[in-house]
Each structure stands twice: as C-alpha cells, then as structure tokens.
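Just below is one structure, and these are the notes that go with it.
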Amino acid sequence: MNQHQEKQWTILEILQWTTTYFQEKGVQSPRLTAELLLAHTLQQERMYLYVHYDQPLEPEERKQFKTLILRRIQGTPTQYLTGVQEFWSLAFRVTPAVLIPRPETEHLVELAVELGRSFSQPAILDLGTGSGAIAISLKHELPHANIYASDVSEAALTIARENAQSLLPAGRQMTFFQGDLFAPFPEMTFDLIVSNPPYISELEYAALTCEVRDHEPKLALYAGKDGLDVYRRLIAGAAAHLNPHGVVLVEIGCGQQDAVVQLFEQQHFSIERIVKDYAGIARVIAARKSSSK
Ligand SMILES: C[S@@+](CC[C@H](N)C(=O)[O-])C[C@H]1O[C@@H](n2cnc3c(N)ncnc32)[C@H](O)[C@@H]1O
C-alpha cells in the first residue's frame, strides 16, 4: 500500500474504533451510539451493519461519520444527529425545536389509553405536544378519539404536524393549535386533558447536563423558580375545559408528587391514580373533576 494512501476502514473496524473513542470521552452507550450514527450515515437500518461488517466505507461516508462523531462528543444528543427518537414503537422525527421524547412519558400514554377507553369517542387535548409523541401515540391506540394537540411553539408544531403526517395511517387525523395553554380553546371542553409540561426548577435547570441544557429547548424544560409554574396555570384552568367526569393527566418530575397533588386538591379535583415509573418514582398523576362542580 502506498504510505500516503488512507487506511480503508470496514464497518466493523470503524465501529470498534468509535466505541472505544466514545468510551474514553464518556459518551453513554458507546457501542449503540456508534451504531446509530453509522447506520444514519449509511442511510440504513442498524441491522444492515451486522450483516455487512466487512464492507469498506467510502471516503465521503467516512467524512460524514467523522463530523457526527465530533458533534456527539461535543454534546449534541444522538437523537438530534440522527433526527429520530423511538417512542411508543413509532419513529418520531426530532429537531432541536422539540424535546426528545423520554421513555417515562410512555406511562402517561398507557394510562391515557386505559382511561380513554371508558369513553366511546373521547375528546382528548395534549397540551404542550412538542414532537407530537403523546398525541400521535394516543391516536394510534384510540382511532375514534378526537385528538387536539397544542403548543406555544410554532416551530415545535411544524415537527408535530410532520410526525402526524408520516406516522398516522392515511385518513387518521388530529387537529393542531398554537398558543399559551388554554388560550386557543376559549369555548372547548374535553374528556381527557393530558400534558407533559415543562417542570424543571431554577436549581435543577442549572444542574442539568450540558447535553440537555445546551441543546434541548428551554421552553420545554424550565418552569420557574420551583418548577411548578406551568402546573399552577394548567390545573387552575383545567376544570373549565373538562366535560363532567373528565380527567387531567400530567407527567411530574422526581419529588413533585405532593406539590402537584396539592394544586389539584386546591382546585377541587380528586386524585384518581398515581403511576410510578420502573425506578419507583411517581411520574403520572390523574385527577378527576369533582362531579359536584
Ligand atoms: C416537556 S415538553 C413535552 C413535549 C412532548 N409532549 C413530550 O412529552 O415529549 C413541553 C412542551 O410544552 C410546550 N410549552 C411550554 N410552555 C407552554 C405553554 N405555556 N403553552 C403551551 N405549550 C407550552 C413546550 O414548547 C414543549 O413543547
């Protein structure tokens, strides 16, 4: 080989090299990350890599992959590099305009599906829809539901609309609204109001990893000094937008259970269910509008 000729890297070799490099740089799940980024570069599924270990990379592929490796070690989340996050077994497109959907939020979807099934054609509002993860998953499980999804961020809604278009079967639709909490719905009422609102306090925000703080939208995370600003307004406004026996389901952050239960009780809601995640942390609160209201 000519000494100036660059080394030919096979898929297996470059995966091994990148895994070690990510390990040294403290990147989480180094092998998986290397595979996701390489599959993205080659515009293939991850499975493709396993059956083409001996395939050499083209110079242009190597260049593109190197750029992704550098951005990853500088802190850009893998999902913003590949543009995809799986949620509820659906491949959601994500950009820095939206929060990367988290697995904990599937607990909220699970409970919303269960409660939604007790209505024949529930009207469901997803407040702060972001990528549309909750609303689109619900429309998959409850095809007869009328789903409304809103966000204050127009940029997020653009992604949510794209996801609805690509992930929902033809003919299955939902409606999107832009605006602050209930502002787009002055007259409307719902059977379920679901939300994974921003809930990070000032102190927690300062302590977030750079990966989250410098890349995910602050609007999706930060909720005032004690992290409860959005819950306060959402819970205060919810009763006026619920049908009789309607339910509000919110995701909560670690340690917020007591404060959020109190906010619901102050507004005369009764707590219907509290769901813990796999780590035993209370993650979802469902509260029903008291029938006397
Ligand atoms: C934690 S993210 C949740 C995104 C998505 N539902 C999920 O679970 O992946 C919160 C979302 O609420 C939106 N948001 C923040 N404040 C809002 C407000 N006052 N009114 C409506 N949406 C708001 C943000 O833009 C963001 O998309």
What tally of residues in the range 189-207 results from selecting those that are open to solvent by 40 Å² or more (accessible area, probe 1.4 Å) and in a loop (DSSP other than H, G, I, E, B)? 1
Restricting to the range 73-123, what's the tally of residues that are away from the ligand (no atom under 13 Å from the Cβ) and not in a loop (DSSP other than H, G, I, E, B)? 14
Looking only at the range 244-265, count every residue that is loosely packed, with under 15 Cβ neighbours inside 10 Å and in contact with a strand residue (DSSP E or B) (Cβ under 6 Å, 6 or more places away or on another chain) and tell me the total. 0
Taking the range 163-185 as the search range and keeping residues that are in a loop (DSSP other than H, G, I, E, B) and in contact with a Ser or Thr (Cβ under 7 Å, 6 or more places away or on another chain), which one is most open to solvent (accessible area, probe 1.4 Å)? 184
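Per-residue answers, yes or no, for (1) under 24 Å from residue 99 (Cβ atoms); (2) outside any helix (DSSP H, G or I); (3) at pLDDT below 95; (4) open to solvent by 70 Å² or more (accessible area, probe 1.4 Å):
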{"residue": "13", "(1), (2), (3), (4)": "no, no, no, no"}
{"residue": "27", "(1), (2), (3), (4)": "yes, yes, no, no"}
{"residue": "40", "(1), (2), (3), (4)": "yes, no, no, yes"}
{"residue": "64", "(1), (2), (3), (4)": "no, no, no, yes"}
Residue match in the range 85-92 (condition: touching a helix residue (DSSP H, G or I) at 6+ places or on another chain (Cβ under 9 Å), within 24 Å of residue 199 (Cβ to Cβ), open to solvent by 50 Å² or more (accessible area, probe 1.4 Å) and not small (Gly, Ala, Ser)): yes
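May I ask you to verify whether residue 45 is more than 14 Å from the ligand (Cβ to nearest atom) and either among the acidic types (Asp, Glu) or touching a Leu at 6+ places or on another chain (Cβ under 9 Å) (or both)? Steps first, please.
Working: more than 14 Å from the ligand (Cβ to nearest atom): yes; either among the acidic types (Asp, Glu) or touching a Leu at 6+ places or on another chain (Cβ under 9 Å) (or both): yes.
The answer is yes for residue 45.
Test residue 220 against the stated conditions and say whether it is open to solvent by less than 70 Å² (accessible area, probe 1.4 Å), at pLDDT 95 or above and in a helix (DSSP H, G or I).
When the stated conditions are applied, residue 220 passes them.
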Scan the range 226-243 and tell me whether some residue there is in contact with a Pro (Cβ under 8 Å, 6 or more places away or on another chain), among the hydrophobic types (A, V, I, L, M, F, W, C), open to solvent by less than 40 Å² (accessible area, probe 1.4 Å) and closer than 30 Å to residue 72 by Cα. no
Kindly indicate which of 23, 44 is surrounded by 12 or more Cβ atoms within 10 Å (Cβ to Cβ), of a type in the set (S, T, N, Q), assigned to a loop (DSSP other than H, G, I, E, B) and at pLDDT 95 or above. 44
Considering each of 273, 283, 232, 288 in turn, give the residue that is among the charged types (D, E, K, R), under 18 Å from residue 194 (Cβ atoms) and part of a helix (DSSP H, G or I). 232
Look at residue 135 and say whether it is open to solvent by less than 60 Å² (accessible area, probe 1.4 Å), in a helix (DSSP H, G or I), in contact (Cβ under 8 Å) with a residue 24 or more places away in the chain and within 9 Å of the ligand (Cβ to nearest atom). yes
Filter the range 106-126 for residues that are of a type in the set (Val, Ile, Thr) and surrounded by 22 or more Cβ atoms within 10 Å (Cβ to Cβ) and give the result. 109, 124
Could you say which residue among 221, 228, 208, 234 is farther than 15 Å from residue 109 by Cβ and out of contact with any helix residue (DSSP H, G or I) (no Cβ under 8 Å at 6 or more places or on another chain)? 234
Out of 149, 145, 160, 156, I need the residue that is more than 10 Å from the ligand (Cβ to nearest atom) and open to solvent by less than 10 Å² (accessible area, probe 1.4 Å). Which one? 145
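The values are calculated or read from the model by the stated rules, or taken from the named source; none is laboratory data. Please read these numbers as outputs of a predicted model, since none were measured by experiment. Cβ sites come from the backbone with ideal geometry, for glycine too, and all protein chains shown count toward neighbours. Ligands, DNA and RNA are excluded from the accessible area calculation, which covers all protein heavy atoms including side chains. Shrake-Rupley method; radii C 1.70, N 1.55, O 1.52, S 1.80 Å.
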